[in-house]
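Notes to accompany the following structure.
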Amino acid sequence: MDEAIEWVLSGKCIVYPTSTLPALGCIPDSRALDELFEIKSRPRDAPVSLGVANLNQASSIVEVPPGVHEILEDFPEGSLTIVLNAREEMDPRLGGQKVAIRVVSDLTAKELLLRTGPLTATSANLSGEEARLHCIAAADSLCTSEKTVVGIDGICQGGSPSTLIAWPTVCDSPESRKIEVVREGKISSEEVFAWWKKRI
């Protein structure tokens with residue numbers, strides 16, 4: 001892992017395990033994001049999420065309302081990614097003022113993020129292609145003659161990605177006080193809305 005940490009902190013990309021699919025990680029820096037978006041062939045107007053080890057780490061970059069602690073405690077760790085307001089506007093490729101945060105559950109990922117700080121957590125595959133489950137194989141598949149991606153050893157479970165939700169504080173309409181499901185994944189929309197209904 002030491003090699004991967006040194007690599008990613010230099011502004012390069014790595015692949016690390018999560019509870020769902022291997023994640024393609026880079027530091028939230030403009031030049032590192034240039035590298036990631038080029039490697040992934042991802043449109044620049046499609047923001048990527050950030051993986052964090054815990055909500056304390058997240059609170060350094062986003063505003064974390066009390067309810068976020070509650071929902072993450074009530075659903076399996078790593079199953080939700082939540083869009084929150086950034087403390088300071090970030091690169092548009094991270095969402096600008098609205099940044100998606102995922103608290104990872106994989107122990108290797110937690111150790112990594114505690115040592116590096118937040119890293120991008122987009123799936124480690126070319127946009128539109130199926131993801132591989134072995135992190136090193138996923139990293140190798142993204143390497144080119146010009147770009148090298150380093151993988152941390154680990155095999156992911158696969159299945160549905162995390163469910164992406166937008167917290168009411170980031171919704172465009174001031175009248176909207178409801179949680180929004182942006183992308184359904186591990187947790188169904190029905191489960192999310194049932195949780196919200198009980199809370200309010």
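The values are calculated or read from the model by the stated rules, or taken from the named source; none is laboratory data. What you see is a predicted model, and the numbers here were worked out from it, not measured in a lab. All Cβ positions, even for glycine, are placed from backbone atoms using ideal geometry, and neighbour counts span all protein chains on display.
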Would you mind stating whether Glu77 is surrounded by fewer than 20 Cβ atoms within 10 Å (Cβ to Cβ), of a type in the set (Asp, Glu) and over 15 Å from the mean Cα position of the chain (by Cα)?
-> no
Lone unmet requirement of (1) modelled with pLDDT under 95; (2) of a type in the set (D, E, K, R); (3) closer than 25 Å to Ile155 by Cα for Arg44 = (3)
Out of Glu184, Glu191, report the one residue that is within 26 Å of Phe37 (Cβ to Cβ) and among the charged types (D, E, K, R).
-> Glu184
Which is assigned to a helix (DSSP H, G or I) and either touching a residue at least 60 places away in the same chain (Cβ under 8 Å) or not basic (Lys, Arg) (or both), of Arg115, Arg132, Arg102?
-> Arg115
Which members of the range 19-47 meet the condition of being in contact with a Leu (Cβ under 8 Å, 6 or more places away or on another chain) and not in a loop (DSSP other than H, G, I, E, B)?
-> Ala23, Leu24, Gly25, Leu33, Leu36, Ile39, Lys40
Considering only the range 1-25, state which residues are within 17 Å of Arg102 (Cα to Cα), of a type in the set (A, V, I, L, M, F, W, C) and out of contact with any Gly (no Cβ under 7 Å at 6 or more places or on another chain).
-> Leu24
Single match in Gly151, Gly128, Gly158 (criterion: farther than 27 Å from Ser59 by Cβ, over 12 Å from the mean Cα position of the chain (by Cα), of a type in the set (Gly, Ala, Ser) and modelled with pLDDT of 95 or more) = Gly151
State all residues of the range 50-68 that are surrounded by fewer than 17 Cβ atoms within 10 Å (Cβ to Cβ), at pLDDT 95 or above and not in a loop (DSSP other than H, G, I, E, B); if no residue qualifies, say none.
-> Leu55, Asn56
